Amino acid sequence: MRKISLVGIAGLFLFISACGGSESSSDTTVVEATESVATYPVTVGDLTLDAQPMRIVSLSPSATEMLFAIGAGPQVVAVDDYSNFPAEAVALGTALSGFEPNVEAIAGFTPNLVVIGYDPGGLVDQLTALSIPVFTAPAAATLDDAYAQIEQFGMLTGHVDTAVALSSQMQADIEAAVAQIVMPAEPISFYHELDNTYYSVTSNTFVGQIYSLFGMRNIADNAEAGNDYPQLSAEAIVSANPDIIFLADTKCCEQSAETVTARDGWGGMKAVSTGRIIALDDDVASRWGPRLVELVIAIRDAVTAVLANS
């Protein structure tokens with residue numbers, strides 16, 4: 001599957017999944033909790049639901065993962081074509097478009113809640129005109145945004161206790177992973193690759209902030225004023241000589257330690273010569289749902305390896 005160009009869609013980057021298959025890096029995370037009885041109506045933001053939604057359509061991969069993780073999976077009747085995790089979502093076989101949504105196709109599932117990551121082409125107005133409730137769950141800007149969004153879905157779907165338990169567990173797991181690293185006086189440098197044309201992220205992005213938890217130095221910072229998703233040149237990357245290379249394009253662009261090592265002029269880089277090329281799951285590295293913990297742990301393990309050999 002072709003990866004969508006990152007040019008001009010920086011605001012959508014975390015909405016889309018990196019274009020992988022339906023295979024996942026792990027089973028879906030579901031936190032067990034004693035669920036209190038949900039009471040309606042419930043209001044989250046500008047949306048009020050009079051009853052528990054039992055026919056949910058999700059047009060956001062991150063939202064899909066959250067819904068299934070909090071136990072609302074049985075209420076989901078359709079998902080978009082980028083929602084490739086968990087397997088239960090894929091098994092629905094719906095593959096609606098989240099970028100060019102078909103209102104008639106969505107309405108055909110008779111939903112009583114539609115979840116979107118952004119509003120393409122006035123979708124909210126069109127669904128509202130059909131009396132279909134819509135909740136917009138935009139890309140998280142911070143970890144707190146991610147935790148809050150999980151809890152919002154819990155409130156909307158009648159699984160608030162499980163949602164709170166999940167967000168609390170995620171926060172604890174991430175804090176524990178970060179606490180295991182003693183930051184060196186000289187920050188460890190890194191390059192995060194979005195695709196094989198060398199698009200990256202700065203520390204101002206959600207993903208960039210995850211690396212900042214470990215006090216790392218991002219070689220993409222200040223690469224292009226005002227652009228948090230800059231396209232670097234091969235020469236600039238080689239010159240920066242990062243300690244670690246993280247590949248978030250293993251699915252979309254079939255990149256690996258082998259393909260990076262084979263790039264002209266890259267063999268002498270510290271990350272290449274020491275084997276510190278970390279293959280990430282594209283989807284885990286681009287979503288702000290429950291699998292965020294996996295991304296943090298992958299970064300922790302990479303940093304630990306550098307420190308152990310320094």
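Keeping to the stretch 167-176, report how many residues are surrounded by 17 or more Cβ atoms within 10 Å (Cβ to Cβ) and touching a Phe, Trp or Tyr at 6+ places or on another chain (Cβ under 9 Å).
Total satisfying the criteria: 2.
For Glu294, are the conditions met, namely being more than 24 Å from Ala185 (Cβ to Cβ) and more than 18 Å from the chain's Cα centre (by Cα)? Can you show your working first?
On the way: more than 24 Å from Ala185 (Cβ to Cβ): yes; more than 18 Å from the chain's Cα centre (by Cα): no.
Taking the combined requirement at face value, the residue does not satisfy it.
Looking at the stretch 84-95 only, could you name the residues that are part of a helix (DSSP H, G or I), out of contact with any helix residue (DSSP H, G or I) (no Cβ under 6 Å at 6 or more places or on another chain) and surrounded by fewer than 15 Cβ atoms within 10 Å (Cβ to Cβ)?
Ala87, Ala91
Go through the stretch 259-278 and give me each residue that's under 20 Å from Thr205 (Cβ atoms) and surrounded by fewer than 18 Cβ atoms within 10 Å (Cβ to Cβ). It would help to see each step written out before you state the result.
Here is the first cut: in the stretch 259-278, the residues under 20 Å from Thr205 (Cβ atoms) are 278.
Those that are under 20 Å from Thr205 (Cβ atoms) and surrounded by fewer than 18 Cβ atoms within 10 Å (Cβ to Cβ): none in the stretch 259-278.
Right, Gly121: modelled with pLDDT under 95 and surrounded by fewer than 16 Cβ atoms within 10 Å (Cβ to Cβ) or not? Explain how you work it out, then say what you get.
Numbers: modelled with pLDDT under 95: yes; surrounded by fewer than 16 Cβ atoms within 10 Å (Cβ to Cβ): yes.
Considered against the rule, which asks whether it is modelled with pLDDT under 95 and surrounded by fewer than 16 Cβ atoms within 10 Å (Cβ to Cβ), Gly121 comes out as yes.
Across the stretch 140-162, what is the total count of residues that are hydrophobic (A, V, I, L, M, F, W, C), over 15 Å from Ser58 (Cβ atoms) and surrounded by 23 or more Cβ atoms within 10 Å (Cβ to Cβ)? It would help to see each step written out before you state the result.
Kept after step one, since they are hydrophobic (A, V, I, L, M, F, W, C), are these residues of the stretch 140-162: 140-141, 143, 146, 148, 150, 153, 155-156, 160.
Subsequent filtering for residues that are over 15 Å from Ser58 (Cβ atoms) retains 140-141, 143, 146, 148, 155, 160.
Applying the additional criterion that residues be surrounded by 23 or more Cβ atoms within 10 Å (Cβ to Cβ) yields 146.
Residues that pass the stated criteria total 1.
Being surrounded by fewer than 24 Cβ atoms within 10 Å (Cβ to Cβ) and within 16 Å of Arg291 (Cβ to Cβ) is the filter here, so list the residues in the stretch 54-83 that pass it.
Answer for the stretch 54-83, where residues must be surrounded by fewer than 24 Cβ atoms within 10 Å (Cβ to Cβ) and within 16 Å of Arg291 (Cβ to Cβ): just Gly73.
What is the number of the single condition among (1) closer than 30 Å to Ala225 by Cβ; (2) modelled with pLDDT of 50 or more; (3) of a type outside the set (A, V, I, L, M) that Ser97 does not meet?
That leaves (1) as the condition not met.
Out of the stretch 256-310, which residues are without any contact (Cβ under 8 Å) to a residue 40 or more places away in the chain, assigned to a loop (DSSP other than H, G, I, E, B) and either hydrophobic (A, V, I, L, M, F, W, C) or within 30 Å of Thr64 (Cα to Cα) (or both)?
Ser256, Ala262, Trp266, Met269, Leu280
Return the only residue of Thr128, Thr162, Thr110 being over 30 Å from Gln231 (Cα atoms), in a loop (DSSP other than H, G, I, E, B) and outside the structural domain of Cys252 (by TED's automatic domain parsing).
Working: Thr128 fails: in a loop (DSSP other than H, G, I, E, B); Thr162 fails: in a loop (DSSP other than H, G, I, E, B).
The unique qualifying residue is Thr110.
The values are calculated or read from the model by the stated rules, or taken from the named source; none is laboratory data. Computed from a prediction, not measured in an experiment: that's the story for all the values here. Methodologically, a virtual Cβ is constructed for each residue, glycine included, from the backbone with ideal geometry; neighbour enumeration extends over all protein chains shown.
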